[in-house]
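The values are calculated or read from the model by the stated rules, or taken from the named source; none is laboratory data. Keep in mind it's a predicted model, so treat the numbers as computed, not measured. Please note: Cβ atoms are built from the backbone with ideal geometry, for glycine as well, and neighbour counts cover all protein chains shown. The area values use the complete protein model at the heavy-atom level, side chains included, leaving out ligands, DNA and RNA. Shrake-Rupley method; radii C 1.70, N 1.55, O 1.52, S 1.80 Å.
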Amino acid sequence: MLAIARIRSAAPPSAVAAGLIAVMVGVTSSAALVFTAAQAAGADAREISSWMLALGVGLACTCIGLSLRYRAPVVTAWSTPGAALLTTGLSGVTMAQAVGAFVFSGLLILVSGVTGWFSRLMGRIPVPLAAALLAGVLLRFGTGLFSTMHGGFAVAFPMFVVYLLARRLLPRYAVLLALAAGVAATVFTGGWQLGEVRLGLAVPVFTAPEFDWKVLVSVGAPLFVVTMASQNLPGVAVIRGAGYDVPVSPLMTWTGAANAVLAPFGAFGLNLAAITAAICTGEEAHPDRDRRFLAAVWAGVFYLCVGLLGATVASLLTAMPQELVLAIAGIGLLATIEASLAAALADKASREAAVVTFLATASGVTLLGIGSAFWGLLAGLVTGAVASVGRPRRKDSAPTAAPDGARVH
């Protein structure tokens, strides 16, 4: 009985489900970009499998290690905008030069953590704007739950109904039961395409880095900027918005170091997750905020499985019905979107700036290769600065309530 109690304590079903959903959403949404980027650098099947292995190991180490260290749900991911950048940037670049760019980008992230400049920047961002940023990033996933019903009603609608009922009867397992309903619906409708699933373990392939200054400037530096602005920025906003006071600089240091070490095997753009992290920081992951780090730990376990199985997992995820992925992502993020909007609009003085941040981020605009999270935050900061001109400063500022009732100072 004691062993069973320990297992249940380390692997609560809601946390395991949240970790699984986070990995499923993260991998299915961008695995194709990873393959395309690897192919652009001339990678063969073994090297592509090594890329997945390196990414999986890097994410597993950072998710598990950082979450256990800080007892907070620290979820990492590979940079999806970075992968999109590489699909075109690596054209005509050798594998060795690509690896050199990955090492360079990872070292820049490490330096940003060691020097602490990124942490200082994040400390100056108001909580309502950070919450609005998160809500804007997650909006398309929330609306995706309902837009999916247009072509996948037989899958998405039963999932939504089961979720609503479970929220009243079994709230801890609501997302898990919705996922089970979606799997059953897709099996019943014949949505799975399992004919091309292949079994096999990934094997690491080492490539010695070659540092070509042109590739470093054209690929390595933009990869660093995109990763920091479009991924780490909203990633910190998720952690802060959920009320976890985790030091930012060590997170940058360790993700950058892991990226640099694993780059010769194909790892690139390891960073803090935003969307998938929100799945693990919400109340569906665990009713106790202090135990939600287990969801991130389990995400790390599942990322390790993704890396070890490599091409097998990729082919399986390719076979997974898209409506199932979109629906479970939207359901898993409903509570987080609600809490983020509440925190963003709680302070009347900063409400206009928060709305601008939310709308600009949700627009999905991309300028200079940098995603809407950066531009949304910039637009909100400018709006707040202009609105504060001539406004008397308050002598005492009460802490803003973050999602889940946490207090952020």
Notebook entry, point to check: Given the residues Phe160, Phe104, which is the only one that is under 30 Å from Pro250 (Cα atoms), in a helix (DSSP H, G or I) and among the aromatic types (Phe, Trp, Tyr)?
Noted result: Phe104
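Under 21 Å from the mean Cα position of the chain (by Cα) and surrounded by 19 or more Cβ atoms within 10 Å (Cβ to Cβ): is that true of Gly113 in this structure?
Taking the combined requirement at face value, the residue satisfies it.
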Margin query: I'd like to check something: does the stretch 322-335 contain any residue that is free of Cβ contacts under 8 Å to residues at least 60 places away in the same chain, within 18 Å of the chain's Cα centre (by Cα) and within 21 Å of Ala242 (Cα to Cα)?
Written below: yes
Next item on the list: Name the one entry in Val187, Val175 that is among the β-branched types (Val, Ile, Thr), assigned to a helix (DSSP H, G or I), open to solvent by less than 30 Å² (accessible area, probe 1.4 Å) and farther than 20 Å from Asn271 by Cβ.
Entry: Val175
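Would you mind finding the one in Arg168, Arg120, Arg140 that is under 22 Å from Gly26 (Cβ atoms), in a helix (DSSP H, G or I) and open to solvent by 70 Å² or more (accessible area, probe 1.4 Å)?
Arg140
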Next item on the list: Could you grab the pairs with beta carbons closer than 8 Å, sequence gap of 6+ or different chains, first residue in the stretch 261-281 and farther than 27 Å from Leu139 by Cβ, second one among the polar types (S, T, N, Q) and open to solvent by 10 Å² or more (accessible area, probe 1.4 Å)?
Entry: Pro264/Thr207; Phe265/Thr207; Gly266/Thr207
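Among the residues of the stretch 228-263, which ones are among the small types (Gly, Ala, Ser) and under 15 Å from Thr276 (Cβ atoms)?
Answer for the stretch 228-263, where residues must be among the small types (Gly, Ala, Ser) and under 15 Å from Thr276 (Cβ atoms): Ser230, Gly235, Ala237, Gly241, Ala242.
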Check: Looking at Gly220, Gly241, which one is open to solvent by less than 70 Å² (accessible area, probe 1.4 Å) and under 30 Å from Ala11 (Cα atoms)?
Finding: Gly241
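The rows are residues; the columns are (1) open to solvent by less than 50 Å² (accessible area, probe 1.4 Å); (2) touching a Gly at 6+ places or on another chain (Cβ under 6 Å); (3) touching a residue at least 60 places away in the same chain (Cβ under 8 Å).
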position: Asp44; (1), (2), (3): no, no, no
position: Gly56; (1), (2), (3): yes, yes, yes
position: Arg71; (1), (2), (3): no, no, yes
position: Val75; (1), (2), (3): yes, no, yes
position: Thr80; (1), (2), (3): yes, no, yes
position: Thr87; (1), (2), (3): yes, no, no
position: Ser91; (1), (2), (3): no, no, no
position: Phe102; (1), (2), (3): yes, no, yes
position: Gly106; (1), (2), (3): yes, yes, yes
Margin query: If I ask for residues that are part of a helix (DSSP H, G or I), over 14 Å from the mean Cα position of the chain (by Cα), more than 27 Å from Thr94 (Cβ to Cβ) and among the β-branched types (Val, Ile, Thr), which ones from the stretch 215-255 would you list?
Written below: Val248, Thr253
Checklist line | Flag if Gly151 is open to solvent by 50 Å² or more (accessible area, probe 1.4 Å), in a helix (DSSP H, G or I) and either out of contact with any Cys (no Cβ under 9 Å at 6 or more places or on another chain) or modelled with pLDDT of 85 or more (or both) | finding: yes
Note to self: Just to check your reading of the model, which residue among Arg167, Arg120, Arg140 is closer than 22 Å to Thr281 by Cβ and free of Cβ contacts under 8 Å to residues at least 40 places away in the same chain?
What the structure shows: Arg167
Next item on the list: Exactly one condition in (1) of a type in the set (Val, Ile, Thr); (2) crowded, with 24+ Cβ neighbours inside 10 Å; (3) at pLDDT below 80 is not met by Thr318; state its number.
Entry: (2)
Notebook entry, point to check: Do we find that Ala96 is small (Gly, Ala, Ser), within 18 Å of the chain's Cα centre (by Cα) and open to solvent by less than 40 Å² (accessible area, probe 1.4 Å) in this structure?
Noted result: no
